[in-house]
Amino acid sequence: RPPAAVELKWATRIRIENCKMEHLASTGLDLALTKLTFISGNLLKDIGGNAVLAGNFGDEGREIHLPYYTGDENEICENNWIQNNLITNIGNEDWSCAGIAIGFARNMTVKHNEIENVPYSGISLGWGWTREENIMKNNEVGANKIHHFGMRNYDCAGIYTQSSQPGTHITGNYIDSIYKATYAHLPSHWFYLYADEGSDQIGFT
């Protein structure tokens, strides 16, 4: 997990609104372990890594192809809103980063964001590459505008998902304009919506 300009951990009921995060070398905003947090109306521009990162991506040294489940409710990133933000020109140092990247988390709402000029995927939702039960469920990704993605890497999508996520809905998003990436080793391996390994119980409309 790369460092972030702003990291929220063991936090609840935080609001970050109408801010600018620009000219950063790594992640802009990390909702590492948050609840009931509201991120709205912000500009995230010229960022070296992910613009917004959230949820659990496994501890250092843990096998990543495993489900994550915990009986401790305090250790779950949940009930957060990321909406009405402009994310542009990110992943300048790490080409594998996304505009919004969410790992193991639940009840997340990602709506009405515009994401453009990203090296990989616009929104990445999920982690673990598994159909086994995990904490992810009831996430909503809707009415986002994603364009000019895949600037550097393919095997990407406007919206990319992994693993089982019961009750999750991806609806009404606008996705357009894949870059013709000169670095892509598989030139045709890109998608608008990409339900990758283990993606299950997700509704797409």
Among the listed residues Ile16, Ile64, Ile47, which satisfies the condition of being in contact with a Cys (Cβ under 9 Å, 6 or more places away or on another chain) and of a type in the set (A, V, I, L, M, F, W, C)? Ile47
What single numbered condition from (1) open to solvent by less than 40 Å² (accessible area, probe 1.4 Å); (2) within 19 Å of Arg131 (Cα to Cα); (3) in contact with a Phe, Trp or Tyr (Cβ under 8 Å, 6 or more places away or on another chain) fails to hold for Thr168? (3)
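Name the single residue, out of those in segment 34-50 being open to solvent by 20 Å² or more (accessible area, probe 1.4 Å), part of a strand (DSSP E or B) and of a type outside the set (Lys, Arg), that is farthest from Arg106 (Cα to Cα). If you could, list the steps in order and put the result at the bottom.
Let us first name the residues in segment 34-50 that are open to solvent by 20 Å² or more (accessible area, probe 1.4 Å), namely 35-36, 38, 41, 43, 45-46.
When the remaining residues are screened for being part of a strand (DSSP E or B), the result is 35, 38, 43, 45-46.
Next cut, of a type outside the set (Lys, Arg) only: 38, 43, 46.
On the way: Phe38: 15, Leu43: 24, Asp46: 28 Å.
That would be Asp46.
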Which condition number does Lys9 fail, the rest of (1) in contact (Cβ under 8 Å) with a residue 40 or more places away in the chain; (2) open to solvent by 20 Å² or more (accessible area, probe 1.4 Å) being met? (1)
Could you name every one of the strands (runs of 3 or more DSSP E) located completely within segment 60-116 that has at least 3 residues being among the aliphatic types (A, V, I, L, M) and within 13 Å of the chain's Cα centre (by Cα)? 100-102
Within segment 77-100, track down each residue that is open to solvent by 10 Å² or more (accessible area, probe 1.4 Å) and of a type in the set (Gly, Ala, Ser). Ser96
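Picking from Leu53, Leu24, which residue would you name as being surrounded by 18 or more Cβ atoms within 10 Å (Cβ to Cβ) and within 15 Å of the chain's Cα centre (by Cα)?
Numbers: Leu24 fails: within 15 Å of the chain's Cα centre (by Cα).
Exactly one of Leu53, Leu24 is surrounded by 18 or more Cβ atoms within 10 Å (Cβ to Cβ) and within 15 Å of the chain's Cα centre (by Cα), namely Leu53.
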Residues of segment 56-76 being open to solvent by less than 70 Å² (accessible area, probe 1.4 Å) and either closer than 18 Å to Asp94 by Cβ or hydroxyl-bearing (Ser, Thr, Tyr) (or both), which ones? Phe57, Gly58, Ile64, Tyr68, Thr70
Wholly enclosed strands (runs of 3 or more DSSP E) of segment 147-199 bearing at least 3 residues of a type outside the set (Lys, Arg) and more than 20 Å from Thr88 (Cβ to Cβ): 164-171, 190-195
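Restricting to segment 180-204, what's the tally of residues that are on the phi > 0 side of the Ramachandran plot and among the acidic types (Asp, Glu)?
Residues of segment 180-204 on the phi > 0 side of the Ramachandran plot: 198, 201.
Of the ones still in play, those that are also among the acidic types (Asp, Glu) are none.
Number of matching residues: 0.
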Please verify whether segment 131-142 includes one or more residues that are assigned to a strand (DSSP E or B), surrounded by fewer than 20 Cβ atoms within 10 Å (Cβ to Cβ) and β-branched (Val, Ile, Thr). no
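One residue is enough: does segment 57-64 have a residue meeting the conditions in contact with a Leu (Cβ under 7 Å, 6 or more places away or on another chain) and more than 18 Å from Trp10 (Cα to Cα)? Please lay out each step first, then the result.
Let us first name the residues in segment 57-64 that are in contact with a Leu (Cβ under 7 Å, 6 or more places away or on another chain), namely none.
No; the residues of segment 57-64 include none that is in contact with a Leu (Cβ under 7 Å, 6 or more places away or on another chain) and more than 18 Å from Trp10 (Cα to Cα).
The values are calculated or read from the model by the stated rules, or taken from the named source; none is laboratory data. Keep in mind that what you see is a predicted model, and the values were worked out from it rather than measured. Reconstructed Cβ throughout: ideal geometry from the backbone, glycine too, with neighbour counts over all protein chains shown. We work out accessible area using only protein heavy atoms, side chains counted, and drop any ligands, DNA or RNA first. Shrake-Rupley method; radii C 1.70, N 1.55, O 1.52, S 1.80 Å.
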